[in-house]
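Remarks on the structure that follows.
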Amino acid sequence: MKKLILIFWGIYLAPAYSQNLMVVDDFKHGLTYYDGFSKTINTFSLLPESVVNNVNNYLRLSFGNLTPALHFSHGQIIDLENYFKKNPKTYNGKWLVPKYDLDYILQDSTIGIKAYGINLRIDQYGQILYCNWPRVGYSDKNKLKSVWEIEKFAVKAAAKKGLNTSHYVVSFNYNEKHEKMCWEFQFLKEGNDTNGLFNAFEIDWRFLEIIDEYEVKKQTVY
C-alpha cells in the first residue's frame with residue numbers, strides 16, 4: 001500500500017546516513033505541553049513507590065537485556081484535576097492524557113544506538129498508557145539483526161524493486177500500527193535530501209522483512 005507523506009521542516013537533518021554506517025542518534029529533550037498544568041522532574045524516585053515498581057517491572061519485561069542501557073532522563077507530573085477543568089476531554093482523539101509523562105534514553109553502541117528516546121505515558125496507578133517500544137519481541141538484543149544485515153537486506157530489496165540505491169537515508173523508529181521496531185530506508189527518487197521525493201520502506205529489526213512501504217515528499221520551508 002502506498003501513501004504520500006508531506007514534510008515541512010525549516011531545516012532537514014537526516015537521523016542517519018547509511019552508506020558506510022548506521023547509527024541512531026535521535027534523542028529529543030523536549031516536553032509535551034499540558035497547558036501549564038505539569039511539573040518537570042529529573043529524578044524518577046520522586047514518583048510514588050507503586051508507580052516506580054510498576055514502571056521498572058514493565059521496562060525489565062519490554063527491554064530485557066537492553067535494560068542496563070536504558071536511563072531515565074526527565075519527566076512531567078500532570079495536575080489532571082486542574083487540567084481537566086480547562087480541558088474536559090480525557091481523550092484528545094489520539095491519546096489518553098497521562099498522570100506521568102516520562103522520557104528515557106537508550107544507549108547501546110553494539111546494536112547501532114548512540115541515543116534513542118523512549119517515552120512512557122502512565123496513569124496514576126502506574127499502568128502504561130503508551131510506550132514507543134513494543135511490549136514483546138524486542139527484549140533480547142541477541143535476537144536482533146545487526147545493522148550490516150539490515151543494510152544489506154534493504155539495498156538488495158530496493159534493487160529488486162528498481163529503486164535508486166546510490167543514495168538513501170536511514171532512520172530508526174517504532175511502527176505503532178504493527179508494534180515493531182523498524183529501520184526506515186528512504187531511497188531518493190527525484191530532487192535532493194531537502195526538496196525531493198523518496199521511495200521508502202520499513203524493515204522489521206528482528207525478522208528482516210518489509211512491513212510498510214510508501215513515498216515521502218520532503219520540502220524545506222525557510
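Hey, could you check region 162-174 for residues that are part of a loop (DSSP other than H, G, I, E, B) and surrounded by 13 or more Cβ atoms within 10 Å (Cβ to Cβ) and say which is modelled with the lowest pLDDT?
His167
Looking at region 41-62, can you tell me whether even one residue there is aliphatic (A, V, I, L, M) and modelled with pLDDT under 85?
No, region 41-62 has no match at all.
Which of the residues that make up region 175-207 are of a type outside the set (Ser, Thr, Tyr) and in a loop (DSSP other than H, G, I, E, B)?
Glu176, Lys177, His178, Glu179, Asn192, Asp193, Trp205, Arg206, Phe207
Say whether the condition of being open to solvent by 30 Å² or more (accessible area, probe 1.4 Å), in a strand (DSSP E or B) and not basic (Lys, Arg) is met by at least one residue in region 130-151.
Within region 130-151 (the criterion being open to solvent by 30 Å² or more (accessible area, probe 1.4 Å), in a strand (DSSP E or B) and not basic (Lys, Arg)), the answer is yes, since at least one residue qualifies.
If I ask for residues that are touching a residue at least 60 places away in the same chain (Cβ under 8 Å) and within 18 Å of the chain's Cα centre (by Cα), which ones from region 65-101 would you list?
The answer is Leu66, Asp101.
Among the residues of region 72-125, write down those that are closer than 20 Å to Asn173 by Cβ, in a strand (DSSP E or B) and open to solvent by 80 Å² or more (accessible area, probe 1.4 Å).
Within region 72-125, Gln107, Lys114 meet the criteria.
Return the residues of region 208-222 that are closer than 12 Å to Trp183 by Cβ and either of a type outside the set (Val, Ile, Thr) or outside any strand (DSSP E or B) (or both); say none if nothing qualifies.
Within region 208-222, Leu208, Glu209, Asp212 meet the criteria.
The values are calculated or read from the model by the stated rules, or taken from the named source; none is laboratory data. This structure is a prediction, so every number in the text was calculated from the model and none was measured. Positions of Cβ are backbone-derived with ideal geometry, glycine not excepted, and every protein chain shown enters the neighbour counts. When the accessible area is computed, the model is the full protein with side chains, heavy atoms only, and any ligands, DNA or RNA have been set aside. Shrake-Rupley method; radii C 1.70, N 1.55, O 1.52, S 1.80 Å.
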